[in-house]
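The values are calculated or read from the model by the stated rules, or taken from the named source; none is laboratory data. Please read these numbers as outputs of a predicted model, since none were measured by experiment. No Cβ is skipped: glycine too gets one built from the backbone with ideal geometry, and neighbour counts run over all protein chains shown.
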Amino acid sequence: MSSPNGIGLSPDGETLYWAESFTGRVHQATITGEGEVIRKSMRDPASCLAGLSGLQYLDSLAVDGDGNVCVATLINGGITVISKTGEILEHIATGDPITTNICFGGPDFQTAYITLSGRGKLVSMKWPYKGLRLNFL
């Protein structure tokens, strides 16, 4: 694998997701036990949840309460929301081409905190999907 970045767990704890920065792909693996996943070749199409078109690099990610993978997308600047079936639901633009991370907080976990590294800012916004608390807090 080339340049893995960002990692997240599905709400049910059964799937591991990670971004591959320079290919613009989000991968997935089934968790079989503590610290164990079913190993698949990166050439196996089932290992790729989604690939973004054009020149888009990926950074960190978070999984929301609906099971969507929300990945920081570089160059076009924002968060790309990918369903658990691999459908690209939307791209939420931030106006910063170096958008690098997202996490959820607030009383209902529907506040997204997003790092805009090109501007050196941390911003927050109401997230349009169900929120999710980080695992193991």
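Taking into account only those residues within segment 1-43 that are of a type in the set (Phe, Trp, Tyr) and more than 15 Å from Gly67 (Cβ to Cβ), which is nearest to the chain's Cα centre (by Cα)?
Checked segment 1-43; the qualifying residue nearest to the chain's Cα centre (by Cα) is Trp18.
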Tell me, please, whether a residue that is closer than 17 Å to Ala112 by Cβ, in contact with a Pro (Cβ under 9 Å, 6 or more places away or on another chain) and in contact (Cβ under 8 Å) with a residue 24 or more places away in the chain can be found in segment 25-39.
no
Among the listed residues Thr80, Thr73, Thr32, identify the single one that is over 26 Å from Leu122 (Cβ atoms), in a strand (DSSP E or B) and modelled with pLDDT of 90 or more.
Thr32
Taking segment 23-82 and keeping only residues that are in contact with a helix residue (DSSP H, G or I) (Cβ under 6 Å, 6 or more places away or on another chain) and under 18 Å from Ala93 (Cβ atoms), one is left with Tyr57, Leu58
Considering residues that are among the aliphatic types (A, V, I, L, M), closer than 16 Å to Glu87 by Cα and modelled with pLDDT of 80 or more, the number found within segment 35-55 is 3
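Table: residues versus (1) part of a strand (DSSP E or B); (2) surrounded by 14 or more Cβ atoms within 10 Å (Cβ to Cβ); (3) modelled with pLDDT under 95; (4) over 12 Å from the mean Cα position of the chain (by Cα).
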| residue | (1), (2), (3), (4) |
| --- | --- |
| Ala62 | yes, yes, no, no |
| Ile92 | yes, yes, no, yes |
| Gly95 | no, no, no, yes |
| Phe109 | no, yes, yes, yes |
| Thr115 | yes, yes, no, yes |
| Ser124 | yes, no, no, yes |
| Tyr129 | no, yes, yes, yes |
| Leu134 | no, no, yes, yes |
